[in-house]
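Let me begin by presenting the structure, written as C-alpha cells, before commenting on it.
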Amino acid sequence: MTKHLIEVITSVERRRRWSPEDKERLVAACFEPGAVISEIARAAGIHVSQLFRWRKELCRVEEQSTETATTLVPVIVAETVPAVPAVQSEPPATSHPRRKRSDVTIELGRGRRVRVDSDIDTEALGRILDCVLGLR
C-alpha cells in the first residue's frame, strides 16, 4: 500500500492562492537544464498551462523592469565610405581639411537600433532616444 499526499481545502473558495515566491520557484525550476515542465506542474498539483502562463507573466514583468532601468549596451563605431562627389570643374576656393565621417550605431534590444552620425547634437539624440523608447 502506497501513501499519497492529499490536500484538503476547507474554505469556501475554490481557487488556491500561490505566493509570488512559489510562482517564481516553480518557474525557475522550468529553466533548469533537463527540466520537464509537465513533471514540475504535476508535482505542484497544477495544470501545465498554468505554469506556462506564470512563466509568460514573470518574463513580461522582468522585461518591463529592464526597459525602465538604465542599462549599458555595446556601441560599435564604424567608418563609412564617403559618398562619391559630383564631378566639379573648378576646385573649391578655400580648402578645409577633410574630416572622416563615422556613424554610431546604438543597439536598443529586441532588434531595434539607431544609427546616427558621430557629431550629432547630444540633446537631439536624447530626444530621439526618448521617442524611440516611448519615454515621451
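The values are calculated or read from the model by the stated rules, or taken from the named source; none is laboratory data. The structure displayed is predicted, hence computed values, not measured ones. Reconstructed Cβ throughout: ideal geometry from the backbone, glycine too, with neighbour counts over all protein chains shown. Calculation scope for accessible area: heavy atoms of the full protein, side chains included, ligands and nucleic acids excluded. Shrake-Rupley method; radii C 1.70, N 1.55, O 1.52, S 1.80 Å.
Some notes on this structure:
- Subset tally (residues that are open to solvent by 60 Å² or more (accessible area, probe 1.4 Å) and assigned to a helix (DSSP H, G or I)) for region 113-131: 5
- Region 110-136, subset in contact with an Asp or Glu (Cβ under 8 Å, 6 or more places away or on another chain) and touching a residue at least 24 places away in the same chain (Cβ under 8 Å), residue nearest to residue 74 (Cα to Cα): 118
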